[in-house]
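The structure under discussion appears below in the form of C-alpha coordinates.
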Amino acid sequence: MNSHFDRQHAFEMSGVHIRPRRLRRSEAIRGFVRETHLDVSNLVLPQFILPGKHERQPITSMPDFYRLSVDHAVTQAKEAYGLGLRGVALFPVLPQNKKDATGSESKNPQGLIPTAVKAIKDAVPEMLVITDVALDPYSSEGHDGLVREGEILNDESLEILAEMAIAQAASGADLVAPSDMMDGRIGYIRSALDQTGHRQTGVLSYAAKYASGFYGPFREALDSAPKFGDKKTYQMDPANLSEALREAELDVQQGADILMVKPGLPYLDVIASLYQHFSLPIAAYQVSGEYSMIMAAARNGWLDEKTTAVESLLALRRAGSQMIFTYFALKAANWLQK
Ligand code: PBG
(Lines give C-alpha, C1' and ligand atoms only; values in the text may rest on other atoms or scores of the structure.)
Protein backbone atom coordinates (compact mmCIF):
# COMPACT_ATOMS: atom_id res chain seq x y z
CA MET A 1 0.00 0.00 0.00
CA ASN A 2 1.15 3.52 -0.81
CA SER A 3 1.49 5.56 2.40
CA HIS A 4 2.52 8.79 0.72
CA PHE A 5 0.09 11.66 0.77
CA ASP A 6 0.14 15.39 0.11
CA ARG A 7 0.52 16.97 3.55
CA GLN A 8 0.00 20.49 2.27
CA HIS A 9 -3.32 19.52 0.71
CA ALA A 10 -4.42 17.71 3.87
CA PHE A 11 -3.72 20.84 5.96
CA GLU A 12 -5.68 23.01 3.56
CA MET A 13 -8.58 20.60 3.79
CA SER A 14 -8.49 20.67 7.60
CA GLY A 15 -9.68 24.28 7.77
CA VAL A 16 -7.52 24.53 10.81
CA HIS A 17 -7.54 28.35 11.00
CA ILE A 18 -10.91 27.83 12.66
CA ARG A 19 -9.98 26.53 16.11
CA PRO A 20 -12.76 25.74 18.62
CA ARG A 21 -10.03 24.77 21.10
CA ARG A 22 -9.25 28.50 21.63
CA LEU A 23 -12.39 28.68 23.76
CA ARG A 24 -11.23 25.79 25.94
CA ARG A 25 -7.72 27.04 26.77
CA SER A 26 -8.34 28.14 30.35
CA GLU A 27 -10.89 27.70 33.08
CA ALA A 28 -11.61 31.43 32.75
CA ILE A 29 -12.61 31.28 29.11
CA ARG A 30 -14.44 27.98 29.61
CA GLY A 31 -16.44 29.78 32.30
CA PHE A 32 -17.43 32.59 29.91
CA VAL A 33 -18.60 30.31 27.13
CA ARG A 34 -20.32 27.75 29.38
CA GLU A 35 -23.92 27.35 28.20
CA THR A 36 -25.46 25.55 31.16
CA HIS A 37 -25.03 26.06 34.87
CA LEU A 38 -25.90 23.55 37.53
CA ASP A 39 -26.87 25.24 40.75
CA VAL A 40 -27.84 23.83 44.11
CA SER A 41 -31.16 25.68 43.69
CA ASN A 42 -32.01 23.23 40.89
CA LEU A 43 -31.81 20.17 43.14
CA VAL A 44 -34.53 18.44 45.15
CA LEU A 45 -33.58 16.02 47.95
CA PRO A 46 -35.78 12.90 48.21
CA GLN A 47 -36.35 11.63 51.77
CA PHE A 48 -37.61 8.16 52.72
CA ILE A 49 -39.59 8.58 55.94
CA LEU A 50 -39.72 5.90 58.66
CA PRO A 51 -42.19 5.67 61.55
CA GLY A 52 -40.80 6.03 65.07
CA LYS A 53 -37.96 8.11 66.47
CA HIS A 54 -34.17 8.12 66.23
CA GLU A 55 -34.29 5.68 63.31
CA ARG A 56 -31.72 5.79 60.55
CA GLN A 57 -31.55 2.74 58.32
CA PRO A 58 -29.12 2.11 55.47
CA ILE A 59 -30.40 0.81 52.13
CA THR A 60 -28.24 -1.99 50.70
CA SER A 61 -28.63 -0.94 47.05
CA MET A 62 -28.26 2.81 47.76
CA PRO A 63 -24.95 3.38 49.58
CA ASP A 64 -24.78 6.59 51.66
CA PHE A 65 -28.56 7.08 51.44
CA TYR A 66 -30.77 6.37 54.48
CA ARG A 67 -34.34 5.88 55.53
CA LEU A 68 -34.99 8.39 58.31
CA SER A 69 -37.57 8.81 61.04
CA VAL A 70 -39.24 12.22 61.12
CA ASP A 71 -36.85 13.70 63.72
CA HIS A 72 -33.81 12.78 61.60
CA ALA A 73 -35.54 13.97 58.42
CA VAL A 74 -36.06 17.36 60.06
CA THR A 75 -32.39 17.56 61.03
CA GLN A 76 -31.40 16.61 57.50
CA ALA A 77 -33.80 19.19 56.01
CA LYS A 78 -32.15 21.88 58.17
CA GLU A 79 -28.71 20.78 57.02
CA ALA A 80 -29.93 20.74 53.41
CA TYR A 81 -31.32 24.26 53.76
CA GLY A 82 -28.02 25.45 55.16
CA LEU A 83 -26.28 24.08 52.06
CA GLY A 84 -28.65 25.97 49.76
CA LEU A 85 -31.13 23.22 48.92
CA ARG A 86 -34.69 24.52 48.72
CA GLY A 87 -36.78 21.40 48.09
CA VAL A 88 -37.42 17.99 49.60
CA ALA A 89 -39.62 15.20 48.21
CA LEU A 90 -41.09 12.82 50.77
CA PHE A 91 -41.83 9.09 50.41
CA PRO A 92 -43.22 6.86 53.18
CA VAL A 93 -41.82 3.55 54.42
CA LEU A 94 -44.84 1.81 55.96
CA PRO A 95 -44.82 -1.38 58.01
CA GLN A 96 -46.82 -4.26 56.50
CA ASN A 97 -49.56 -3.92 59.14
CA LYS A 98 -50.36 -0.41 57.86
CA LYS A 99 -50.81 -1.61 54.28
CA ASP A 100 -54.15 -2.85 52.97
CA ALA A 101 -55.87 -3.55 49.66
CA THR A 102 -57.15 0.01 49.26
CA GLY A 103 -54.13 1.82 50.70
CA SER A 104 -56.42 3.48 53.22
CA GLU A 105 -53.57 4.78 55.39
CA SER A 106 -52.70 7.17 52.54
CA LYS A 107 -55.62 9.46 53.34
CA ASN A 108 -54.95 9.61 57.10
CA PRO A 109 -54.39 13.30 57.92
CA GLN A 110 -52.33 12.16 60.95
CA GLY A 111 -50.37 9.63 58.87
CA LEU A 112 -46.61 9.42 58.41
CA ILE A 113 -46.30 11.82 55.48
CA PRO A 114 -48.61 14.56 56.83
CA THR A 115 -46.70 14.33 60.14
CA ALA A 116 -43.37 14.66 58.36
CA VAL A 117 -44.59 17.57 56.22
CA LYS A 118 -45.75 19.47 59.33
CA ALA A 119 -42.52 18.82 61.20
CA ILE A 120 -40.31 19.94 58.29
CA LYS A 121 -42.47 23.00 57.59
CA ASP A 122 -42.34 23.96 61.28
CA ALA A 123 -38.57 23.65 61.43
CA VAL A 124 -37.68 25.03 57.97
CA PRO A 125 -40.67 27.06 56.71
CA GLU A 126 -38.82 28.24 53.60
CA MET A 127 -38.17 24.69 52.38
CA LEU A 128 -40.43 23.60 49.52
CA VAL A 129 -42.04 20.30 50.50
CA ILE A 130 -43.19 17.95 47.76
CA THR A 131 -45.27 14.84 48.41
CA ASP A 132 -45.77 11.77 46.23
CA VAL A 133 -49.32 10.81 45.26
CA ALA A 134 -49.55 7.09 44.46
CA LEU A 135 -50.85 4.06 46.30
CA ASP A 136 -47.89 1.69 46.01
CA PRO A 137 -46.20 2.28 49.40
CA TYR A 138 -49.63 2.03 51.12
CA SER A 139 -51.07 -0.89 49.20
CA SER A 140 -50.71 -4.56 50.12
CA GLU A 141 -50.70 -5.15 46.33
CA GLY A 142 -47.78 -2.79 45.68
CA HIS A 143 -49.54 -1.11 42.76
CA ASP A 144 -50.13 2.60 42.25
CA GLY A 145 -53.93 2.23 41.92
CA LEU A 146 -56.68 -0.01 43.24
CA VAL A 147 -56.65 -3.61 42.07
CA ARG A 148 -59.58 -5.85 41.15
CA GLU A 149 -59.03 -9.36 39.79
CA GLY A 150 -55.54 -8.53 38.64
CA GLU A 151 -56.55 -5.30 36.92
CA ILE A 152 -55.33 -1.87 37.99
CA LEU A 153 -58.51 0.21 38.10
CA ASN A 154 -58.39 3.72 36.72
CA ASP A 155 -61.48 5.78 37.59
CA GLU A 156 -62.01 3.96 40.89
CA SER A 157 -58.47 4.93 41.96
CA LEU A 158 -58.92 8.67 41.44
CA GLU A 159 -60.92 9.22 44.61
CA ILE A 160 -58.35 7.79 47.02
CA LEU A 161 -55.54 9.56 45.16
CA ALA A 162 -57.44 12.85 45.58
CA GLU A 163 -58.02 12.15 49.28
CA MET A 164 -54.31 11.46 49.70
CA ALA A 165 -53.47 14.73 47.95
CA ILE A 166 -55.94 16.64 50.18
CA ALA A 167 -54.39 15.18 53.36
CA GLN A 168 -50.93 16.16 52.09
CA ALA A 169 -52.04 19.67 51.11
CA ALA A 170 -53.80 20.14 54.47
CA SER A 171 -50.58 19.25 56.28
CA GLY A 172 -48.74 22.02 54.41
CA ALA A 173 -47.23 20.38 51.32
CA ASP A 174 -46.36 23.03 48.72
CA LEU A 175 -46.57 20.69 45.74
CA VAL A 176 -48.34 17.37 45.43
CA ALA A 177 -46.73 15.11 42.86
CA PRO A 178 -48.96 12.41 41.35
CA SER A 179 -46.67 9.60 40.19
CA ASP A 180 -49.41 7.02 39.69
CA MET A 181 -50.03 7.48 35.91
CA MET A 182 -53.80 6.94 36.13
CA ASP A 183 -55.65 8.74 33.32
CA GLY A 184 -57.33 11.98 34.33
CA ARG A 185 -55.76 12.26 37.75
CA ILE A 186 -54.34 15.75 37.33
CA GLY A 187 -57.71 17.38 36.62
CA TYR A 188 -59.43 15.27 39.27
CA ILE A 189 -56.87 16.16 41.95
CA ARG A 190 -56.75 19.84 40.90
CA SER A 191 -60.52 20.07 41.30
CA ALA A 192 -60.50 18.23 44.65
CA LEU A 193 -57.79 20.56 45.98
CA ASP A 194 -59.64 23.68 44.79
CA GLN A 195 -62.91 22.51 46.34
CA THR A 196 -61.26 21.91 49.71
CA GLY A 197 -59.56 25.29 49.95
CA HIS A 198 -56.13 24.29 48.65
CA ARG A 199 -55.97 26.56 45.62
CA GLN A 200 -52.36 27.52 46.35
CA THR A 201 -51.10 23.94 46.47
CA GLY A 202 -49.37 23.18 43.18
CA VAL A 203 -49.47 19.98 41.16
CA LEU A 204 -46.17 18.64 39.89
CA SER A 205 -47.21 15.95 37.46
CA TYR A 206 -45.08 12.92 36.74
CA ALA A 207 -46.28 13.47 33.16
CA ALA A 208 -43.96 11.03 31.41
CA LYS A 209 -43.20 8.25 33.81
CA TYR A 210 -41.83 5.13 32.19
CA ALA A 211 -42.17 1.50 33.25
CA SER A 212 -38.50 1.33 34.16
CA GLY A 213 -36.10 -1.19 35.60
CA PHE A 214 -34.27 1.70 37.23
CA TYR A 215 -36.79 1.92 40.11
CA GLY A 216 -35.52 -1.30 41.67
CA PRO A 217 -33.55 0.14 44.61
CA PHE A 218 -36.43 2.52 45.51
CA ARG A 219 -38.81 -0.42 45.74
CA GLU A 220 -36.34 -2.19 48.02
CA ALA A 221 -36.09 0.94 50.18
CA LEU A 222 -39.85 1.32 50.53
CA ASP A 223 -40.67 -2.39 50.33
CA SER A 224 -43.16 -1.35 47.66
CA ALA A 225 -42.55 -3.74 44.76
CA PRO A 226 -45.74 -4.97 43.02
CA LYS A 227 -46.97 -8.27 44.50
CA PHE A 228 -48.00 -9.52 41.06
CA GLY A 229 -47.26 -8.52 37.47
CA ASP A 230 -45.60 -5.25 36.53
CA LYS A 231 -46.62 -1.61 36.01
CA LYS A 232 -46.76 -1.69 32.20
CA THR A 233 -50.52 -1.10 31.99
CA TYR A 234 -50.13 2.35 33.49
CA GLN A 235 -46.49 3.45 33.29
CA MET A 236 -45.21 4.27 29.80
CA ASP A 237 -43.42 2.05 27.32
CA PRO A 238 -39.72 3.06 27.23
CA ALA A 239 -39.94 2.94 23.43
CA ASN A 240 -42.27 5.93 23.17
CA LEU A 241 -41.63 9.65 22.72
CA SER A 242 -44.75 11.03 20.98
CA GLU A 243 -46.83 9.49 23.73
CA ALA A 244 -44.90 11.56 26.28
CA LEU A 245 -46.01 14.71 24.46
CA ARG A 246 -49.60 13.46 24.50
CA GLU A 247 -49.43 12.72 28.24
CA ALA A 248 -47.91 16.14 28.90
CA GLU A 249 -50.57 17.87 26.80
CA LEU A 250 -53.34 16.22 28.82
CA ASP A 251 -51.68 17.25 32.10
CA VAL A 252 -51.32 20.84 30.89
CA GLN A 253 -55.01 20.94 29.95
CA GLN A 254 -55.92 19.54 33.35
CA GLY A 255 -54.00 22.21 35.25
CA ALA A 256 -50.55 20.81 36.03
CA ASP A 257 -48.05 23.43 37.23
CA ILE A 258 -44.83 21.51 36.49
CA LEU A 259 -44.17 18.53 34.18
CA MET A 260 -41.80 15.78 35.18
CA VAL A 261 -39.91 13.16 33.18
CA LYS A 262 -38.76 10.01 34.94
CA PRO A 263 -36.22 8.34 34.92
CA GLY A 264 -33.68 11.02 33.95
CA LEU A 265 -30.51 10.17 32.08
CA PRO A 266 -31.91 7.41 29.83
CA TYR A 267 -34.70 9.84 28.80
CA LEU A 268 -32.83 13.05 27.93
CA ASP A 269 -34.58 13.17 24.55
CA VAL A 270 -37.96 13.18 26.31
CA ILE A 271 -36.87 16.05 28.59
CA ALA A 272 -35.59 18.04 25.60
CA SER A 273 -38.76 17.40 23.68
CA LEU A 274 -41.07 18.48 26.50
CA TYR A 275 -38.88 21.54 27.10
CA GLN A 276 -39.29 22.56 23.45
CA HIS A 277 -43.02 21.89 23.22
CA PHE A 278 -44.37 23.26 26.49
CA SER A 279 -44.00 26.50 28.38
CA LEU A 280 -44.36 24.90 31.83
CA PRO A 281 -41.22 24.28 33.91
CA ILE A 282 -39.76 20.79 33.41
CA ALA A 283 -38.58 18.55 36.24
CA ALA A 284 -36.49 15.40 35.93
CA TYR A 285 -36.07 12.54 38.39
CA GLN A 286 -32.63 10.94 38.52
CA VAL A 287 -34.07 7.76 39.98
CA SER A 288 -32.72 5.24 42.47
CA GLY A 289 -31.16 2.92 39.88
CA GLU A 290 -29.28 5.79 38.26
CA TYR A 291 -27.84 6.65 41.68
CA SER A 292 -27.00 3.03 42.44
CA MET A 293 -25.19 2.51 39.13
CA ILE A 294 -22.84 5.41 39.76
CA MET A 295 -22.34 4.44 43.41
CA ALA A 296 -21.64 0.80 42.56
CA ALA A 297 -19.09 1.70 39.89
CA ALA A 298 -17.50 4.34 42.14
CA ARG A 299 -17.16 1.85 44.99
CA ASN A 300 -15.40 -0.52 42.64
CA GLY A 301 -13.01 2.21 41.60
CA TRP A 302 -14.39 2.08 38.04
CA LEU A 303 -15.83 5.59 37.90
CA ASP A 304 -15.15 8.78 39.78
CA GLU A 305 -18.27 9.47 41.84
CA LYS A 306 -18.20 13.25 41.92
CA THR A 307 -17.25 13.75 38.26
CA THR A 308 -19.87 11.37 36.92
CA ALA A 309 -22.63 12.46 39.29
CA VAL A 310 -22.15 16.17 38.54
CA GLU A 311 -21.86 15.41 34.81
CA SER A 312 -25.13 13.48 34.80
CA LEU A 313 -26.93 16.25 36.73
CA LEU A 314 -25.54 18.85 34.34
CA ALA A 315 -26.79 16.76 31.40
CA LEU A 316 -30.30 16.74 32.88
CA ARG A 317 -30.06 20.51 33.22
CA ARG A 318 -28.77 20.94 29.64
CA ALA A 319 -31.64 18.88 28.27
CA GLY A 320 -34.07 21.40 29.76
CA SER A 321 -34.99 20.44 33.31
CA GLN A 322 -34.67 23.16 35.89
CA MET A 323 -35.78 21.03 38.79
CA ILE A 324 -33.88 17.80 39.37
CA PHE A 325 -34.82 15.20 41.97
CA THR A 326 -31.62 13.37 42.93
CA TYR A 327 -30.27 11.17 45.71
CA PHE A 328 -26.98 13.03 45.18
CA ALA A 329 -28.62 16.30 46.32
CA LEU A 330 -26.76 16.63 49.64
CA LYS A 331 -23.44 15.49 48.20
CA ALA A 332 -23.87 17.76 45.18
CA ALA A 333 -24.76 20.72 47.42
CA ASN A 334 -21.40 20.21 49.11
CA TRP A 335 -19.54 19.70 45.83
CA LEU A 336 -21.08 22.83 44.30
CA GLN A 337 -20.10 25.12 47.22
CA LYS A 338 -18.03 27.92 45.76
C1 PBG B 1 -44.26 5.61 43.31
C2 PBG B 1 -42.91 6.03 42.90
C3 PBG B 1 -41.85 5.25 42.41
C4 PBG B 1 -40.75 6.08 42.28
C5 PBG B 1 -41.17 7.36 42.66
N6 PBG B 1 -42.52 7.31 43.02
C7 PBG B 1 -41.72 3.77 42.17
C8 PBG B 1 -42.54 3.14 41.12
O9 PBG B 1 -43.29 3.79 40.37
O10 PBG B 1 -42.49 1.92 41.08
C11 PBG B 1 -39.37 5.68 41.86
C12 PBG B 1 -38.27 6.56 42.31
C13 PBG B 1 -36.91 5.99 42.21
O14 PBG B 1 -36.68 4.87 41.70
O15 PBG B 1 -35.99 6.66 42.70
N16 PBG B 1 -45.20 5.47 42.33
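The values are calculated or read from the model by the stated rules, or taken from the named source; none is laboratory data. Small disclaimer: the values here were computed from a predicted structure and weren't measured. Cβ: placed from backbone, ideal geometry, glycine included. Neighbour counts: every protein chain shown. Heads up: the accessible areas ignore ligands, DNA and RNA and are worked out on the full protein's heavy atoms, side chains in. Shrake-Rupley method; radii C 1.70, N 1.55, O 1.52, S 1.80 Å.
The mean accessible area for residues of the chain, using a 1.4 Å probe and ignoring ligands and nucleic acids, is 48 Å² per residue. Expressed to the nearest 5 percent, the antiparallel share of DSSP beta bridges inside the chain is 15 percent. Given R0 = 51 Å, the distance between the Cβ atoms of E79 and R19 translates into a calculated FRET efficiency of 0.65.
Taken one residue at a time, the phi angles of segment 103-108 give Karplus couplings (6.51, -1.76, 1.60, θ = phi - 60°) of x, 5, 4, 5, 9, 5 Hz. Gly and Pro are set to x. Using the rule -39500 (n - 2.57) for each DSSP H run of four or more residues, divided by the residues of the chain, the 222 nm mean residue ellipticity is -11500 deg cm²/dmol.
Using the average count of surrounding beta-carbon atoms within 10 Å as a protection proxy, the listed peptides 36-46, 156-166 rank, highest first, as 156-166, 36-46.
Cross-link partners for K121 among the aspartates and glutamates, with Cα-Cα distance under 12 Å and sequence neighbours closer than 8 places in the same chain left out: D174. Partner lysines whose Cα lies under 28 Å from the Cα of K232, excluding those fewer than 8 positions away in the same chain, are identified as K98, K99, K107, K209, K262. Straight distance only, please: which aspartates and glutamates reach the Cα of K227 with their own Cα at less than 19 Å, same-chain residues fewer than 8 apart left out? Within the straight-line limit of under 19 Å, K227 reaches these aspartates and glutamates: D100, E105, D136, E141, D144, E149, E151, D180. Take the solvent-accessible surface of the protein heavy atoms, probe 1.4 Å, and return the percent of it on the chain that carbon and sulfur atoms account for. Within the chain, the accessible surface is 52 percent carbon and sulfur. Along the chain, the exposed loop sites are chymotrypsin sites (Phe, Trp or Tyr not before Pro) outside DSSP states H, G, I, E and B with at most 13 other Cβ atoms within 10 Å, and the longest stretch free of them is 6-227. For segment 6-70 versus segment 106-160, the inter-centroid distance based on Cα atoms is 32 Å. Accessible-area rank, largest first, for T196, T131, T233: T233, T196, T131, with all protein chains present and a 1.4 angstrom probe.
If you take the square roots of the eigenvalues of the alpha-carbon gyration tensor of the chain and sort them as a ≥ b ≥ c, do you get rounded (a/c under 1.5), prolate (a/b over b/c) or oblate? The shape class here is prolate. Close amide-amide hydrogen proximity is noted between A207 and M260, each under 5 Å apart and 5 or more residues distant or on a separate chain (H modeled in the peptide plane; Pro and chain starts excluded).
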